[in-house]
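This report concerns only the one structure given below.
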Amino acid sequence: MEGLVIGLDLCEFYVQICCWGKEKTWTFPAVLCRKKDEELWYVGDEAYSCNLAGEGILIDKIPMLAGKGETVSIGDKKYGSREILREFLRQVLSYPRTAFKTEKISQLVITLPKPDSQIMDCLLYCADDLGIARSRFHVISHGESFLYYVLSQKKEIWSGQVGLFDLSQSGLCYYEMKVQRGLRQTTVLSDYEKIDDGITLDLLDTSSGIRMADKVLCTCAERLLAKKLFSAILLTGRGFEKPSWASDFMKVIGRRRKVFGETVLFARGAAVKAQDYQAPETGYPYVMICEGRLKSTISMEVIHEEKPTQLVIAASGDSWYEAKSTLEFILDNQDELVFQIQPLDSRKRYEIRMPLEGIPHRPNRTTRIQMKVGFLDEKTMAVMVQDKGFGELFPASDIVIRREIAL
């Protein structure tokens with residue numbers, strides 16, 4: 001058989017795995033345990049059992065550990081966060097590999113509640129260590145998984161706006177998708193809101209807590225769904241595995257709307273994205289605007305072959321983590337770089353100027369610079385400019401200018 005195409009939802013408290021074209025899915029607590037006296041590792045419920053038996057040391061909240069770059073001591077050995085995350089991924093990926101009798105992974109897409117550069121760097125190194133080529137490994141946000149999951153459904157599901165309520169150990173989150181159809185392109189947007197109204201899974205342990213949670217959910221739904229045309233409302237997370245406890249909330253969201261539940265929604269959306277990477281041409285030719293993707297196009301006006309032209313540095317909808325470029329220019333009577341920032345609303349276009357302070361003054365068109373551009377997150381662009389001189393006539397200096405630009 002061909003290699004596995006996997007979507008993996010990695011959260012603070014749990015991990016879920018879904019393989020494209022396969023019905024079987026896996027859900028584990030995000031915990032890892034190593035036996036005290038030997039190099040044997042366990043994940044999920046097996047990790048809890050090992051720890052409760054007094055045979056091993058339990059490590060929980062694996063993604064948070066990776067994000068902080070902390071170390072863990074087990075016996076006389078220390079493990080870095082990268083080693084812990086790598087071993088955790090190795091163990092959870094062994095389940096689909098064993099079930100479907102193949103070691104090969106053709107594509108792996110990991111989805112995170114909120115992409116963070118430190119965790120994403122750590123995940124990339126883990127993929128390298130596990131022998132998964134970077135061309136076969138990607139990281140996306142929950143918001144993007146939500147978009148791919150919905151877009152993979154029948155079109156009547158997303159003919160209007162689509163709402164998603166996610167109730168898990170981390171609390172209640174709400175996502176909203178809408179489609180903007182234009183003459184040249186279709187843009188699909190996902191908004192996200194963390195609901196800080198004290199709703200936790202612990203509330204569902206008592207009848208009074210259930211009544212309170214149902215009431216709060218009704219209030220949230222009335223506010224979030226008011227005066228909008230929804231074609232579907234989706235429910236996910238452990239809190240909605242059996243949504244019958246929230247009877248009043250279900251009545252509110254079900255008014256003239258279709259309601260669907262999917263317990264592994266984010267993992268399934270990641271698997272859809274993974275399969276799309278396999279295809280010679282994307283099945284989703286849309287501009288995606290969500291967490292983890294740029295919301296503006298960044299460009300510069302340059303002269304190419306004696307004609308002014310607009311050079312796009314990064315486009316709206318690009319993954320901020322993967323949007324990296326290295327460019328070289330020859331300066332023509334200018335002592336600054338000018339970036340044009342074009343948000344989705346064309347009326348809000350603006351410029352950001354970056355002075356080239358410190359670059360040696362030379363005759364016109366005798367200074368070559370190298371510019372490297374990357375992004376620290378979807379709202380922050382990092383620019384590094386280095387003086388490259390101009391051959392033997394004007395040797396390069398050691399001048400390097402760095403700047404972080406808020407978009």
Top-ranked residue of the range 380-407 - restricted to ones that are closer than 30 Å to Glu291 by Cβ and touching a Ser or Thr at 6+ places or on another chain (Cβ under 9 Å), ranked as surrounded by the fewest Cβ atoms within 10 Å (Cβ to Cβ): Ala406
Check on Leu93, on the phi < 0 side of the Ramachandran plot, assigned to a helix (DSSP H, G or I) and modelled with pLDDT of 95 or more: yes
Unique residue being touching a strand residue (DSSP E or B) at 6+ places or on another chain (Cβ under 6 Å), of a type outside the set (Lys, Arg) and either open to solvent by 30 Å² or more (accessible area, probe 1.4 Å) or within 25 Å of Gly21 (Cα to Cα) (or both) when the list is Ser106, Ser135: Ser106
Where Thr326 falls short, out of the listed (1) modelled with pLDDT under 95; (2) of a type in the set (S, T, N, Q); (3) within 26 Å of the chain's Cα centre (by Cα): (1)
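Could you tell me whether any residue of the range 42-60 is assigned to a loop (DSSP other than H, G, I, E, B), at negative phi and of a type outside the set (A, V, I, L, M)?
Yes, the conditions are met somewhere in the range 42-60.
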Within the range 363-377, tally of residues that are exposed (fewer than 12 other Cβ atoms within 10 Å of the Cβ) and over 15 Å from Val302 (Cα atoms): 2
Test: residue in the range 303-312 that is in contact with a helix residue (DSSP H, G or I) (Cβ under 8 Å, 6 or more places away or on another chain), in contact (Cβ under 8 Å) with a residue 24 or more places away in the chain, open to solvent by 40 Å² or more (accessible area, probe 1.4 Å) and in a strand (DSSP E or B): no
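Across the range 335-362, what is the number of residues that are over 30 Å from Leu124 (Cβ atoms) and open to solvent by less than 90 Å² (accessible area, probe 1.4 Å)? I'd like the intermediate steps shown before the answer.
Going through the range 335-362, the residues over 30 Å from Leu124 (Cβ atoms) turn out to be 335-336, 338, 340, 345-351, 353, 355-362.
Going one step further and asking which of them are open to solvent by less than 90 Å² (accessible area, probe 1.4 Å), we end up with 336, 338, 340, 345-346, 350, 355-356, 358-360, 362.
Residues that pass the stated criteria total 12.
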The listed residue being touching a strand residue (DSSP E or B) at 6+ places or on another chain (Cβ under 8 Å) and either modelled with pLDDT of 95 or more or under 26 Å from Asp345 (Cβ atoms) (or both), out of Ser141, Ser152: Ser141
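Which residues, counting only those in the range 370-407, are over 26 Å from Ser319 (Cα atoms) and aliphatic (A, V, I, L, M)?
Residues of the range 370-407 that are over 26 Å from Ser319 (Cα atoms), as a first pass: 387-400.
Result: Leu393, Ala396, Ile399, Val400.
The values are calculated or read from the model by the stated rules, or taken from the named source; none is laboratory data. Keep in mind that what you see is a predicted model, and the values were worked out from it rather than measured. As a convention, Cβ positions derive from the backbone with ideal geometry for all residues, glycine included, and neighbour counts pool all protein chains shown. We work out accessible area using only protein heavy atoms, side chains counted, and drop any ligands, DNA or RNA first. Shrake-Rupley method; radii C 1.70, N 1.55, O 1.52, S 1.80 Å.
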